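Asks: Let me begin by handing over the structure; questions about it come next.
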There are 2 protein chains.
Amino acid sequence: MKIAIIQQNYHIGNFAFNIQKMEKAIVRAQADGAELVVFAELSVCGYPPLDFLEYASFIEKCTNAVNQLAQLSTSELAVIVGAPSANPKIEGKNLFNSAFFLSHGQVKQVVHKSLLPNYDVFDEYRYFEPASETHIIKWKNERIALTICEDLWDVEEDLLYQFRPMDTLALANPSLMINIAASPFNFKHAEKRKEILKKNATQYQLPILYVNQVGAQTELIFDGGSLVMNKNGEVVTELNYFSEDYRLINSEHINTAKSVKNDWIHQSSDLYVSRIHQALILGIQDYFAKMGFSKAILGLSGGIDSAIVYALAVEALGAENVLGAMLPSAFSSNHSISDSEALASNINGRITQIDIEPVFQTFLKSLQPQFEGKPNDVTEENIQSRSRAVLLMAMANKLGYILLNTSNKSEAAVGYGTLYGDMCGGLSVIGDLYKIQVYQLAQYLNRNGEVIPENIITKAPSAELRPNQKDSDSLPEYDLLDRVLEMYIEEKSSRNQIIAAGFDAQVVDRILRLVNQNEWKRFQTPPILRVSTKAFGLGRRMPIVGRYDI
Amino acid sequence: MKIAIIQQNYHIGNFAFNIQKMEKAIVRAQADGAELVVFAELSVCGYPPLDFLEYASFIEKCTNAVNQLAQLSTSELAVIVGAPSANPKIEGKNLFNSAFFLSHGQVKQVVHKSLLPNYDVFDEYRYFEPASETHIIKWKNERIALTICEDLWDVEEDLLYQFRPMDTLALANPSLMINIAASPFNFKHAEKRKEILKKNATQYQLPILYVNQVGAQTELIFDGGSLVMNKNGEVVTELNYFSEDYRLINSEHINTAKSVKNDWIHQSSDLYVSRIHQALILGIQDYFAKMGFSKAILGLSGGIDSAIVYALAVEALGAENVLGAMLPSAFSSNHSISDSEALASNINGRITQIDIEPVFQTFLKSLQPQFEGKPNDVTEENIQSRSRAVLLMAMANKLGYILLNTSNKSEAAVGYGTLYGDMCGGLSVIGDLYKIQVYQLAQYLNRNGEVIPENIITKAPSAELRPNQKDSDSLPEYDLLDRVLEMYIEEKSSRNQIIAAGFDAQVVDRILRLVNQNEWKRFQTPPILRVSTKAFGLGRRMPIVGRYDI
């Protein structure tokens, strides 16, 4: 059977956009002689639709979209699409997360997702009832075990669910597994996904056709990488990563096809950084495209974080659509301007300059009666940072830019940033990258010639909010800080476990206290492009008033 | 059997604080001759602990706390406490949400929550596996059907779950239902709760002892109202609302006791506003107490929103701990100052004044080269609002205040506010009150004499960011706006349903578009004290890049 794999970038809730794209793909597949066209999980509405699912009118639009697509199906061409469907029973949640099998111009069969991820960034049990039964789909010469994303994932040692839908489906003697997915990216995800799919292929001795979404939906980035695997767990067809793709395959040839050469299977930090790079570019592009924006502004401090975000934004949106604003104060070093100018020159970027000193001094003067007799402290540093934010937001408002946030994960973790100052922005581009990963990314961006000036990479990081300030005055060195943070945030190690790994108790206590005391700050930060297994935001939910002594 | 009902205010993760409080209660109950002491759901760690639950060290602390409390139990005195417990099976989530039955110095029995709320503000299936079995607890002369919060709630017409644990427990012939809860307040919740408990009492023909938490945990406010109900669904004992309480009852007398007079059973807007008032006071107090803060600052615009928040903060924290900052511009009316002064005088409040004109003018001058030839627009309004925020945050930083946010739900809904300007603050006090409810609350605060000056209540609302500006220039009148918002947000009506209810299609489309286009702004707002059935924040999760055409 000829099957067309459709890997597309959907826009949540934008039915006209999604359906037009899906119809085009069906027409193309039909012209290519496909007998089955497979789209991803919740393809008609995009993933994750979140509380849109609680609106009856949203579900109606999903149903209408499925019915519209069904009309393109024929006696020769079937279509599988993902959409929510109503649970007709009184018991349980009102919806299923479903795969619709369309043929002969109609909805012929609907199967539901059994395993509903409800951890990290996932909230599926908020909306959906798990399937209570499984059904094989018979089409042409295939008996299809059709599952949805998580349905194939409960093959780890610590099982998350009570049963595996494939165990039941396997009893009905299927010839092919199809899994439709909306599986968000992290920089280690591609290997994990293949490992999981391989476990299924080999355990059930069946080929797998896996169809993922691609594209970013605010924080969540879907990396595509749809694939076909033979029953030995070898990848025989692999679609693009980070872009839309289309592939026609013949299901009868899967088990005899040669496995494809695969650049993805060797884990290395070089590979990770190239993936992160592509993910961030897609994340920026889709945020702007889906919000209907085109132009970005950001503050250029002369430091590595803003340099990286500037370079990424220029790559993603075009140099003509990005403005770097240099906003020096009396504490800014000379190289803060010259390094930014060198950066802009490297990539033909647009820059401008506004001196914050007049505004800063006016604030100090206005506050003088209130602050009489009080020594300088972090307040004056915050005023500088917030003055910059007011200027950047004014430029954004007047000239139609969206402000990009340039905070990294290390500083977001320990609260080394000014709320309503440098923590502002519509989107945080590198907020899921530890400082050390920011440096790796800088090296990577320079792989074909200098983009990020060498001096930006080699100089000591500084907020430049008081004379001769260095990050290392306030924070442990980044290699130490980042490792402790990773153990605490990604690996959920306790204080004692981190100390047992060889870190100084006082340093560990200080770092963890900083992480936990700054929950209130992170609560108000912009959405962060997620590239790790545990990003701040959606996937990490901590009580603000909680007392933290883990 | 003599049972002590312990209604307490816990602090999430603050084990020393919680356990000391619980131990004291056990000692008191023992002195009173109690044979059973009952605490609320997840009492040892506070509710909701959120992702703390993913830390093994947090669970260990919970277990240690339970074991410590067990040592106070004897052969004569049993204790029921709520805590997470480990799921020993490989399948399913790693934890249960459990009730521990302690006697003879030991953990004697552990029962688990069967129905895990995972909607609105609840995420319990993120952490917990539902119970797969139920057990009666026998103690003294009672056979106790012990359930946890949601376990009794699946008695509506549209059932959320597949089974009811009480149906199984009823087969074992219990003599008493005990339900331990952490059931968050909304202003209609007290009636709903009694209705649900009554359905259980009458259906199973058993008395109910219901033990709730009290106190605020950032957004979520627990209102207490623990109670005892006879098998006819009549309340025979009722504990305090919005404060800790203790009550000793005799289980043998429940069904023969007289039902108590109850001020709560008649729904009226007067009653609602008095509850909202108490909830907000508790919400402010607990936020400050649990964060370890004592002093609040806020901007006093002369309008009703900031006036209300000021009055509430003074009531909650004491006049000496609250500073109202008047920050006039050239567009501020004379009464903006005089009304705020009258307000402060009514409640002996502290005020101060900083003119924002010098800062505003300096910003304009600094931006002049960038804005050359561009007309004035919302940018200049935002600069004023953000200048105020910088001044307020500077005061907060230097002098140790926490900034209170004064936005209401109507303006948060339609985005009528400046991000990083008047949308700043550590806590949003009235962000879950529509403008009309703000007026009701003002009238209520004046019930025993003027607190909010009459002129603040009667003058037309204005942001005063340009000459002679009125809210009604930009927004529909609040009575219309608020009703449309309520239908869309609380009732989840579609556009067509709202229009069918008699509202003008153009106005409805404009309002819904504003609500949906401002998701990105609300994403960065402070936590909001939740008093309605659907507050912005935790309980309403919408895609930011989604295209909204519901």
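Asks: Label position 7 Å from Cα toward Cβ: report the copy-to-copy distances for B:Glu244 in nm, one decimal, ordered from shortest.
Replies: Nearest to farthest, the other copies are at 6.1 nm.
Asks: Given Cα pairs under 8 Å that are at least 6 residues apart, what percent is the relative contact order of chain A?
Replies: Once divided by the residue count of chain A, the mean separation gives 11 percent.
Asks: For the charge dipole of the range A:214-323, defined by +1 on Lys and Arg C-beta atoms and -1 on Asp and Glu C-beta atoms about the Cα centroid, which residue among A:Gly302, A:Tyr241, A:Leu312 has the Cα displaced farthest towards the positive pole?
Replies: The residue sitting most towards the positive pole is A:Tyr241.
Asks: What span do the alpha-carbon atoms of chain A cover on each of the three principal axes, reported in whole Å from largest to smallest?
Replies: Sorted from largest, the Cα extents of chain A read 83, 51, 49 Å.
Asks: Please list B:Asp245, B:Asp270, B:Asp471, A:Asp355 in order of solvent-accessible area, largest first, computed with a 1.4 Å probe with all protein chains present.
Replies: B:Asp270, A:Asp355, B:Asp245, B:Asp471
Asks: Taking each residue in A:492-499, count the Cβ atoms of any other chain within 10 Å of its Cβ, then average. What number comes out?
Replies: Across A:492-499, the average partner-chain Cβ count within 10 Å equals 3.
Asks: Per residue, how much accessible area does the protein assembly as shown have with a 1.4 Å probe, in Å²?
Replies: On a per-residue basis, the protein assembly as shown sits at 35 Å².
Asks: With charges only on Cβ, +1 for K and R and -1 for D and E, what is the dipole size of the range A:173-239 about its Cα centre, in debye, rounded to 20?
Replies: 220
Asks: I would also like to ask the following. Are there any trypsin sites (Lys or Arg not before Pro) in the range B:360-449 that are in a DSSP loop and have at most 16 other Cβ atoms within 10 Å? List them by number.
Replies: B:Arg447
Asks: Using a probe of 1.4 angstrom, how much of the accessible area of chain B is carbon and sulfur, in percent?
Replies: 49
Asks: Compute the accessible area of each residue in the range A:534-550 twice, once for its chain alone and once with every protein chain present, using a 1.4 Å probe on heavy atoms, and list those whose area falls by at least 30 Å².
Replies: By number: A:Arg541, A:Met542, A:Pro543, A:Ile544, A:Val545, A:Arg547, A:Asp549, A:Ile550.
Asks: For the range B:1-106, run through the trypsin sites (Lys or Arg not before Pro) and keep only the ones in DSSP coil with at most 14 other Cβ atoms within 10 Å of their Cβ.
Replies: B:Lys89
Asks: Compare the Cα positions of B:Gln497, B:Gly546, B:Pro526 along the charge dipole of the range B:494-548 (+1 at Cβ of Lys, Arg; -1 at Cβ of Asp, Glu; about the Cα centre) and return the one farthest towards the positive end.
Replies: B:Pro526
Asks: In addition: Determine how large the accessible area of B:Cys62 is when every protein chain is in place; take a 1.4 Å probe and give Å² rounded to the nearest 10.
Replies: Counting only protein heavy atoms, the figure is 0 Å².
Asks: Cross-chain or 8 or more residues apart, Cα under 21 Å: how many lysine pairs in the range B:399-550 fit that? Count them up, please.
Replies: Lysine pairs satisfying the spacing and distance rule in the range B:399-550 number 15.
Asks: Semi-axes, largest first, in whole Å: what does sqrt of 5 times each Cα gyration tensor eigenvalue give for the range A:79-177?
Replies: Working from the Cα gyration tensor, I get semi-axes of 22, 18, 11 Å.
Asks: With every protein chain kept in the model, how would you rank A:Asp479, A:Asp286 by accessible area, 1.4 Å probe, largest at the top?
Replies: Result, largest first: A:Asp479, A:Asp286.
Asks: Which of B:Ala31, B:Thr352, B:Leu152 sits closest to the plus end of the dipole of chain B, meaning its Cα is farthest towards the positive end, when Lys and Arg get +1 and Asp and Glu get -1 on the C-beta?
Replies: Value: B:Ala31.
Asks: Can you give me the solvent accessible area of A:Trp520 with a 1.4 Å probe, rounded to the nearest 10 Å²?
Replies: 70
Asks: Give me the aspartates and glutamates in straight-line cross-link reach of B:Lys140: C-alpha distance below 15 Å, same-chain residues under 8 apart excluded.
Replies: Result set, ordered by chain and number: B:Glu35, B:Glu76, B:Glu252.
Asks: While we're looking at this one, here's another question. Could you tell me the calculated FRET efficiency between B:Glu244 and A:Asn240, based on Cβ-Cβ distance and R0 = 51 angstrom, to the nearest 0.05?
Replies: Efficiency, from the Cβ-Cβ distance: 0.25.
Asks: Of all DSSP beta bridges in chain B, what percent run antiparallel (nearest 5)?
Replies: Antiparallel bridges: around 55 percent, rounded to the nearest 5.
Asks: Okay, moving on. Can you check how the C-alpha radius of gyration of the protein assembly as shown compares to 2.2 N^0.38 Å, as a plain ratio?
Replies: Ratio of Rg to 2.2 N^0.38 Å for the protein assembly as shown: 0.95.
Asks: Could you pull out every one of the lysines with an alpha carbon less than 23 Å from that of B:Lys199, ignoring same-chain neighbours closer than 8 positions?
Replies: By straight Cα distance, B:Lys199 reaches A:Lys89, A:Lys93, B:Lys113, B:Lys188, B:Lys231, B:Lys258, B:Lys261.
Asks: Under a plain spin-label model, where a point goes 7 Å from the Cα along Cα-to-Cβ, how far apart in nm are B:Ser175 and B:Ala501?
Replies: With each label placed 7 Å out from Cα toward Cβ, I get 5.0 nm.
Asks: I've got another one for you. If you find the alpha carbon centre of the range A:1-67 and of the range A:483-531, how far apart are they in angstrom?
Replies: 40
Asks: Once the label point is placed 7 Å from Cα along Cβ, list for B:Glu372 the distances to the corresponding points in the other copies, in nm, shortest first.
Replies: Distances between equivalent label points, in nm: 4.4.
Asks: What does the accessible area of A:His11 come to, in Å² to the nearest 10, when a probe of 1.4 Å is used?
Replies: Rounded to the nearest 10, the figure is 10 Å².
Asks: Which value, in debye to the nearest 20, gives the size of the charge dipole of the range B:14-134 about its Cα centre, when Lys and Arg are +1 and Asp and Glu are -1 at the Cβ?
Replies: Value, rounded to 20: 260 debye.
Asks: In nm, one decimal, shortest first: how far is the label point of B:Lys140 (7 Å from Cα along Cα to beta carbon) from the matching points in the other copies?
Replies: Between copies, matching label points for B:Lys140 lie 7.4 nm apart.
Asks: Largest first, what is the accessible-area ranking of B:Lys374, B:Lys295 with a 1.4 Å probe?
Replies: Accessible-area ranking of B:Lys374, B:Lys295, largest first: B:Lys374, B:Lys295.
Asks: Dipole of chain B, Cα-centred, from +1 at each Lys and Arg C-beta and -1 at each Asp and Glu C-beta, to the nearest 20 debye?
Replies: 860
The values are calculated or read from the model by the stated rules, or taken from the named source; none is laboratory data. Since the structure is predicted, the reported quantities are computational estimates derived from the model, not experimental observations. Quick reminder, even Gly has a Cβ in these numbers, built from the backbone with ideal geometry, and neighbours come from all protein chains shown. Side chains are part of the model used for accessible areas, which takes the heavy atoms of the whole protein and leaves out ligands, DNA and RNA. Shrake-Rupley method; radii C 1.70, N 1.55, O 1.52, S 1.80 Å.
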